[in-house]
Amino acid sequence: MPRIGLAAIALAAVATSAAAQDWPTRNIAKLNKATAGAMDTPAVQERLRELGAIVVPAQRRAPDYLARHVESEIRKWAAVIKAAGVTPQ
């Protein structure tokens, strides 16, 4: 974002799946295994690269990693929003 004077900001889009907090762990594991299996095939990885996507390593696609990442992003952006004095409209 340096072109608009925001050199310290990085933007990323994340594609993921989510489920209700009380969804059974075994179902989450089954969905994650199926999704990871598809994402690890050469054809899917090639197509994603054609679309400009970066497929992250398997450990960064695990449910526990995603939960930690989302919590971290909430804390980070909540602090920015609070510091900027942004209020709901």
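Say whether the condition of being at pLDDT below 90 and in contact with a helix residue (DSSP H, G or I) (Cβ under 9 Å, 6 or more places away or on another chain) is met by at least one residue in the stretch 19-26.
Yes, there is a match, as at least one residue in the stretch 19-26 is at pLDDT below 90 and in contact with a helix residue (DSSP H, G or I) (Cβ under 9 Å, 6 or more places away or on another chain).
If you check every pair at least six apart or on different chains, which have Cβ atoms under 6 Å apart with a residue in the stretch 56-69 that is in contact (Cβ under 8 Å) with a residue 12 or more places away in the chain and more than 10 Å from N32 (Cβ to Cβ) first and a residue that is surrounded by fewer than 11 Cβ atoms within 10 Å (Cβ to Cβ) and charged (D, E, K, R) second?
none
Pull up the stretch 7-31, narrow it to residues that are not β-branched (V, I, T) and not in a loop (DSSP other than H, G, I, E, B), then point me to the one that is surrounded by the most Cβ atoms within 10 Å (Cβ to Cβ).
Selected residue: L31.
Which of the residues belonging to the stretch 48-65 are of a type in the set (A, V, I, L, M, F, W, C), in a helix (DSSP H, G or I) and at pLDDT below 90?
Residue satisfying the conditions is A58 alone.
Scan the stretch 32-47 residue by residue and report those that are of a type in the set (S, T, N, Q) and assigned to a loop (DSSP other than H, G, I, E, B).
Passing the criteria: only T41.
The values are calculated or read from the model by the stated rules, or taken from the named source; none is laboratory data. What you see is a predicted model, and the numbers here were worked out from it, not measured in a lab. All Cβ positions, even for glycine, are placed from backbone atoms using ideal geometry, and neighbour counts span all protein chains on display.
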